[in-house]
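Report on one structure; see the data block that follows.
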Amino acid sequence: MRRFAAPKTASWLLLTMIGLAAVANAQSETAWWPQLDTFIGLRDNVQLEFLGNGTINTDSGNQQIVLGPSIDFTLAPFLSPRVKTLNRTRNNYLELRLGYRYVATVGNRSSHSHRGLIEATPRLPLPAQLILADRNQLVLVGGQQQVSWQYRNRLTLARSFQVHALIFTPYIQGQVVYDSDPGAWNRYNCELGSIFKLSEHVELEPYFRHAANIDGSGHPLNGMGFKVELFFHNQSDR
């Protein structure tokens with residue numbers, strides 16, 4: 001892998017983050033998103049994921065938790081790996097996912113819901129060792145009163161770098177959400193972050209997120225997320 005100077009990469013990340021923060025509304029709310037993901041490789045192209053994350057909204061006081069498993073299937077691996085992360089699904093032309101999520105707001109039982117996920121993520125290698133991923137996610141939401149659905153389309157542009165022993169993968173992404181209730185494209189978010197490989201089993205992923213309603217109603221939401229990802233691959237998957 002070609003090596004790049006750390007100062008140039010750090011400057012690019014800093015300037016992009018400043019740009020995202022600059023477009024955020026001055027009256028925005030602040031949130032934090034901690035997350036723990038555990039991945040277990042079953043075969044070369046199949047892995048299980050167990051996810052636990054939370055939303056801590058420091059302005060409104062809402063605390064939300066999301067828990068659930070999913071299973072990933074990958075097809076058509078790249079001829080040579082592009083993205084140097086422990087999640088090997090990122091080096092395939094197509095990833096399919098089936099999952100379940102339990103979503104709840106602490107202290108408000110009426111907000112609890114069960115969600116089914118169906119995802120298809122094609123990936124395209126680009127010049128300069130870049131990867132473009134287009135995640136298409138269908139979410140079936142079973143609430144207290146009714147069943148609804150959401151479609152989420154997320155584009156991610158990423159590239160891996162290496163500085164001595166440090167391997168990291170900065171990315172930028174944007175997502176729009178269609179909600180069957182009220183039947184409109186009503187939300188969007190954008191993120192800037194990086195994945196840092198710490199060992200053969202652990203990665204850290206800090207990121208900045210800006211989220212808002214497309215029609216401009218309500219207050220935008222800005223904050224930092226922090227993922228800890230654990231990977232356990234079987235012998236045939238090494």
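FYI, it's all coordinate maths here, none of it is from the lab. Computed from a predicted model, the values in this text were never measured in an experiment. Cβ: placed from backbone, ideal geometry, glycine included. Neighbour counts: every protein chain shown.
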Between F232 and Q129, take the C-beta separation as r, use R0 = 22 Å, and let me know the FRET efficiency to the nearest 0.05.
-> 0.20
With the dipole of region 80-168 defined by +1 on each Lys or Arg Cβ and -1 on each Asp or Glu Cβ, the option from L138, G116, V106 whose Cα lies farthest towards the positive pole is V106
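Just the C-alpha atoms of region 83-174: what Rg/Rh do they give, with Rh taken as the Kirkwood radius? Could you put the intermediate results ahead of the total?
Values: Rg = 17.1 Å, Rh = 15.4 Å.
Taking Rh as the inverse mean 1/r over Cα pairs, Rg/Rh reads 1.11.
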Backbone N within region 113-156 under 16 Å of label point (7 Å from L98 Cα along the Cβ vector) | 115-121, 138-140
Beyond 20 Å, what share of the Cα-Cα pairs of region 141-238 is found? Please give it as a whole percent.
-> 56 percent
For region 52-106 versus region 151-167, the gap between their alpha-carbon centres in whole angstrom = 14 Å
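Can you tell me the length gained on complete extension of the stretch T105 to T58, counting 0.36 nm per residue apart and subtracting the Cα distance? Display every interim value, and only then the final one.
On the way: separation 47, 0.36 × 47 = 16.92 nm, distance 1.39 nm.
My answer for the length gained is 15.5 nm.
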Output the Cα-based Rg and Dmax of region 54-211 in Å, rounding Rg to one decimal and Dmax to a whole number.
-> 17.3, 55
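When the chain is fully extended, how far beyond the present Cα-Cα distance does L67 get from M224, taking 0.36 nm per residue of separation? Working shown, then result.
On the way: separation 157, 0.36 × 157 = 56.52 nm, distance 1.95 nm.
Using 0.36 nm per residue and subtracting the Cα-Cα distance, I get 54.6 nm.
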Calculate the spin-label point distance for V46 paired with L204, positioning each point 7 Å from the Cα along the beta-carbon direction, and give it in nanometres.
-> 3.5 nm
Region 164-238: chymotrypsin sites (Phe, Trp or Tyr not before Pro) in DSSP coil with no more than 13 other Cβ atoms inside 10 Å = none
